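Here is the structure we will look at.
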Amino acid sequence: MVLDVHVLGTASARPTPERAVSGSLVKGPDGIAIVDCGEGFQTRYALQRRRLKRHSVGETLKPSTVDVLAFTHGHLDHTWGALPWLQSMDLENRQQPLLIIGPTSAEVAEALLNDEQLPEAAPSADLARQWMAWFALGGDMIRFPIRWVLGVVNADRWVEVDPTSGKARLLEKMPQPEGWGNSSLRPVPTQHTVPSCGWMVQQKAMAGKFDRARADEMQLTTKQRAMVARGENITDANGETIAASWFRGGERAAVSVLISGDTATTPEAWDDSVSPTLLIHEATYLEEQQNKAEEHMHSTAAGAVASAQAVGATYLALTHYSNRIKNSKTPEDEAKTAADGVAVVALNDNDRLVVDDDGDLTHLKWESDGWVLANIPPNR
Ligand SMILES: [Zn+2]
Ligand SMILES: [Zn+2]
């Protein structure tokens, strides 16, 4: 099993001819998690499926396996593609349930629970406001089952909104995408101008690698090897038990991908207990615009490195570039200068990042006629 990340937009607020706005997906052992869904997302997703069909035969991104759409915050460059895409899935007769989840403020959550008007101070980009607008625009008529869940992430308080009545109820805990058992979704608080959080997809820890040297030493036959590798105990010629557990070391570390969305550098809540294998972090500005980054609660490339260090990430991938950044090489160079101990890559649209069970990362760069493979030394 692996975590396969497809990054379908690397622009910040405005798209360019080369870069679309935010929208990524993580394909894991249980299904697909979409993280953010900016303008035109459904077309980008369809094009990526076509690219896979042409250049990576056998790999698929079936829309029916999308289990969750998670928003990092409500700015339009992260949300505007959602309603049209939901409507298309409805037209395609989707039946599978979908969890839609994102952050809001404590005040908005209380207003929803008390069936009151949303507080005037709540920004227009609050997800609750947008969802109400989507419901009014036909979002309430979608026929496949959708759970609309808003969270006050710092307080771990989760509210489910009914699209027909607009009424909300308090949940005991954050729901997981339906049917997920080998991986989990977890919010990680961030700091932006509106309620925000990052989303981490974590795969459960896998058993250690098969110890081939030990199998050689014990002169196991091919059949015996296959059996112990599958986890079956066997009996040797002398009637002694050979336990499958002798050939597996301890558990490997659980691998994970954290997509942080828009955030100021090193959010307060971040510490190295989070420790994602891969952090995908914004680098909206270059060093020369450090002031702007602070003013708008965004990050520079060097700021992304500081975030990666604070959260204990092994790898850092940069995205969400402002229009001033013409070539991703520039933020990559700035980050590398600051990256003491963190392996850095800079993303472009349609790139993939594959994290395997051992926590190694492969960067598949999209090059217009296929993906070009680059292994990233972890710098561990
Ligand atoms: Zn943004
Ligand atoms: Zn934003």
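Odds and ends about this structure:
Listed here are the residues, each with its yes/no results for (1) open to solvent by 10 Å² or more (accessible area, probe 1.4 Å); (2) in contact with an Asp or Glu (Cβ under 8 Å, 6 or more places away or on another chain); (3) within 16 Å of ligand 2 (Cβ to nearest atom); (4) basic (Lys, Arg).
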position: Val5; (1), (2), (3), (4): no, no, no, no
position: Ala13; (1), (2), (3), (4): yes, yes, yes, no
position: Thr16; (1), (2), (3), (4): yes, no, no, no
position: Leu25; (1), (2), (3), (4): no, no, no, no
position: Ile32; (1), (2), (3), (4): no, yes, no, no
position: Val35; (1), (2), (3), (4): no, no, yes, no
position: Glu39; (1), (2), (3), (4): yes, yes, yes, no
position: Leu47; (1), (2), (3), (4): yes, no, no, no
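- Of the strands (runs of 3 or more DSSP E) lying entirely inside region 294-380, those carrying at least 3 residues that are farther than 24 Å from Gln191 by Cα and touching a Lys or Arg at 6+ places or on another chain (Cβ under 8 Å) are 361-366, 371-375.
- Region 297-308 residues that are open to solvent by 20 Å² or more (accessible area, probe 1.4 Å), paired with ones that are of a type in the set (A, V, I, L, M, F, W, C) and within 14 Å of ligand 1 (Cβ to nearest atom) (beta carbon under 8 Å, 6 or more apart): Met297/Ala264; His298/Ala264
- Listed by position, the strands (runs of 3 or more DSSP E) inside region 1-73 whose residues that are on the phi > 0 side of the Ramachandran plot and without any contact (Cβ under 8 Å) to a residue 60 or more places away in the chain number at least 1 are 23-27.
- Matching residues in region 81-97 - criterion: being outside any helix (DSSP H, G or I), crowded, with 17+ Cβ neighbours inside 10 Å and either within 16 Å of ligand 1 (Cβ to nearest atom) or not charged (D, E, K, R) (or both): Gly81
- Residue, surrounded by the fewest Cβ atoms within 10 Å (Cβ to Cβ), within region 174-197, restricted to residues that are part of a loop (DSSP other than H, G, I, E, B) and hydroxyl-bearing (Ser, Thr, Tyr): Thr193
- Remark: pairs (first residue in region 190-215, of a type in the set (Phe, Trp, Tyr); second residue open to solvent by 10 Å² or more (accessible area, probe 1.4 Å); Cβ separation under 6 Å; 6+ apart in sequence or on different chains) = Trp199/Ile259; Phe210/Ala229.
The values are calculated or read from the model by the stated rules, or taken from the named source; none is laboratory data. What you see is a predicted model, and the numbers here were worked out from it, not measured in a lab. Every residue, glycine among them, receives a Cβ derived from its backbone with ideal geometry; neighbour counts consider all protein chains shown. Each accessible area value is taken on the protein alone, full model and side chains, heavy atoms only, with ligands, DNA and RNA left out. Shrake-Rupley method; radii C 1.70, N 1.55, O 1.52, S 1.80 Å.
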